[in-house]
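Enquirer: Submitted below is the structure of interest, expressed as structure tokens.
The values are calculated or read from the model by the stated rules, or taken from the named source; none is laboratory data. Just so we're clear, the structure is a prediction, and the values are computed from it rather than from any experiment. With ideal geometry, Cβ positions are generated from the backbone for all residues, glycine too; neighbour counts draw on all protein chains shown. Ligands, DNA and RNA are stripped out before the accessible areas are found, and what is left, the full protein with its side chains, is counted by its heavy atoms. Shrake-Rupley method; radii C 1.70, N 1.55, O 1.52, S 1.80 Å.
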Amino acid sequence: MNLIQTIILAIVEGITEFLPVSSTGHMIIAQKLLSIESTEFVKAFTVNIQFGAILSVVVLYWKRFFQSLDFYWKLIVAVIPALVLGFLFSDKIDSLLENVEVVAIMLVLGGILMLFVDKWFNKPNDDQTMDWKRALKVGFFQCIAMIPGVSRSMASIVGGMTTKLTRKNAAEFSFFLAVPTMAAASGYKLLKLFMDPAGKSMLSENLVTLLVGNLVAFVVAMIAIKFFIGFLTKYGFKAFGYYRIIVGVAILVLLFLGVDLNIL
């Protein structure tokens with residue numbers, strides 16, 4: 001993977017991580033379009049650059065992120081379902097990460113859902129306090145995003161809205177929840193590589209690539225978060241739904257025509 005490919009993947013990660021369009025799905029598509037071989041390092045890279053993205057949340061919301069212990073307790077409660085299911089089904093999830101067809105189908109299905117999200121779930125009540133029951137429900141919704149193409153952001157925001165949170169509050173809690181969730185996923189992937197002598201050597205040889213990827217993802221994610229909050233509050237989810245449907249259908253058409261996305 002060369003420098004240009006590294007930067008492009010990091011830009012894709014930074015833009016899509018907090019938008020409800022599936023960052024994992026877009027990363028898989030980008031890899032195919034750039035003809036990047038799905039090596040163990042590339043898999044680790046696509047997970048690890050999430051560190052850069054989640055750091056943008058900490059920087060943008062540092063006053064709210066470093067608050068009471070009760071805040072962290074709710075994050076822990078919300079992340080438990082993902083930790084348990086991620087550990088149990090890690091190999092199965094990894095096998096899906098190379099399936100472009102699954103990504104395309106989930107992009108379309110998720111897009112159709114998003115056309116109706118505001119109508120079905122945008123009914124906030126006066127109590128916008130995040131308690132542990134709300135946090136746990138959001139955590140379970142987040143697990144749906146283990147299927148590539150679903151979008152962690154979409155799943156957790158919709159989960160928050162089903163508990164009567166406003167779109168803005170649901171989105172912000174989704175950002176906060178991304179920090180422990182993605183840190184755990186990235187850390188677990190890196191730990192597995194470090195425990196393998198070949199994997200440890202591979203990471204050492206590609207340290208510059210990892211640093212560049214995280215830096216680019218950090219900067220781009222900060223811009224994307226600021227844009228998303230304003231857009232979501234004002235316009236809702238429909239535009240993202242149409243985008244998902246268009247991209248998903250385009251990929252399915254290419255696959256139906258027999259186009260090998262590995263050599264585009």
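Enquirer: If you add up the charges near PHE176, with Lys and Arg at +1 and Asp and Glu at -1, over every other residue whose beta carbon is less than 14 angstrom from its beta carbon, what do you get?
Expert: Surrounding charge for PHE176 is +3.
Enquirer: Taking +1 at the Cβ of each Lys and Arg and -1 at the Cβ of each Asp and Glu, which of ILE144, PHE65, ILE11 sits farthest along the dipole of the chain towards its positive end, judged by Cα position relative to the Cα centre?
Expert: The Cα lying farthest towards the positive end belongs to PHE65.
Enquirer: Given Cα pairs under 8 Å that are at least 6 residues apart, what percent is the relative contact order of the chain?
Expert: 39 percent
Enquirer: Using only the alpha-carbon atoms of the range 21-76 as identical scatterers, what base-10 log of I(q)/I(0) does the Debye formula give at q = 0.16 Å⁻¹?
Expert: Log10 I(q)/I(0), no solvent term: -0.66.
Enquirer: Let me ask something else. Could you name the lysines whose alpha carbon sits less than 17 Å from that of LYS32, not counting residues in the same chain fewer than 8 places away?
Expert: Cα-Cα hits under 17 Å: LYS43.
Enquirer: For the range 1-122, report the translational diffusion coefficient in µm²/s to the nearest whole number, using Stokes-Einstein at 10 °C, 1.306 mPa s, and a Kirkwood Rh over Cα pairs.
Expert: The Stokes-Einstein estimate is 96 µm²/s.
Enquirer: While we're on this one: When the dipole is taken about the Cα centre of the range 1-81, and only Lys, Arg (+1) and Asp, Glu (-1) are charged at their Cβ, what size is it in debye, to the nearest 20?
Expert: 220 debye
Enquirer: Given charges of +1 on the Cβ of Lys and Arg and -1 on the Cβ of Asp and Glu, with all other atoms neutral, how large is the dipole of the range 167-240 about its Cα centre, in debye to the nearest 20?
Expert: Using Cβ point charges on Lys, Arg, Asp and Glu, the range 167-240 gives about 400 debye.
Enquirer: Could you identify which residue out of ASN48, ASN169, ASN206 has the top mean-square fluctuation in a GNM of the chain using Cα springs shorter than 10 Å?
Expert: The residue that fluctuates most here is ASN206.
Enquirer: Heavy-atom accessible area per residue, the range 120-264, 1.4 Å probe: how many Å²?
Expert: Per-residue value: 50 Å².
Enquirer: Residues with beta-carbon under 12 Å from that of ALA198, excluding ALA198: net charge, scoring Lys, Arg +1 and Asp, Glu -1?
Expert: -1
Enquirer: Among VAL79, VAL216, VAL247, which one shows the highest mean-square fluctuation when the chain is modelled as a Gaussian network with alpha-carbon springs under 10 Å?
Expert: Most flexible of the set in this elastic network: VAL247.
Enquirer: Could you work out the mean projected area of the convex hull around the alpha carbons of the range 116-264, in square nanometres to one decimal?
Expert: 11.8 nm²
Enquirer: Okay, next question. HN-Hα J couplings of the range 165-180 from phi, Karplus 6.51/-1.76/1.60, θ = phi - 60°, integer Hz, Gly and Pro as x?
Expert: My calculation for the range 165-180 gives 6, 5, 4, 5, 5, 5, 5, 5, 5, 4, 4, 4, 5, 4, 4, x Hz in order.
Enquirer: Picking from VAL158, VAL179, VAL249, which is most flexible by a Gaussian network model of the chain using Cα springs under 10 Å?
Expert: VAL249
Enquirer: Helix-derived [θ] at 222 nm for the chain: sum -39500 (n - 2.57) over DSSP H runs of at least 4, divide by residue count, nearest 500?
Expert: -25000 deg cm²/dmol
Enquirer: Report, to the nearest whole %, how much of the accessible area of the chain belongs to carbon and sulfur atoms, 1.4 Å probe, protein only.
Expert: 71 percent
Enquirer: So how strong a dipole does the range 3-257 carry about its Cα centre when Lys and Arg Cβ are +1 and Asp and Glu Cβ are -1, to the nearest 20 debye?
Expert: The calculated dipole for the range 3-257 is roughly 820 debye.
Enquirer: Another question, then. Multiply the residue separation of PHE231 and LEU34 by 0.36 nm, subtract the distance between their alpha-carbon atoms, and state the gained length in nm to one decimal.
Expert: Gain on stretching PHE231 to LEU34: 67.9 nm.
Enquirer: HN-Hα J couplings of the range 72-84 from phi, Karplus 6.51/-1.76/1.60, θ = phi - 60°, integer Hz, Gly and Pro as x?
Expert: For the range 72-84, the Karplus curve yields 6, 4, 5, 5, 4, 4, 5, 8, 4, x, 5, 5, 5 Hz.
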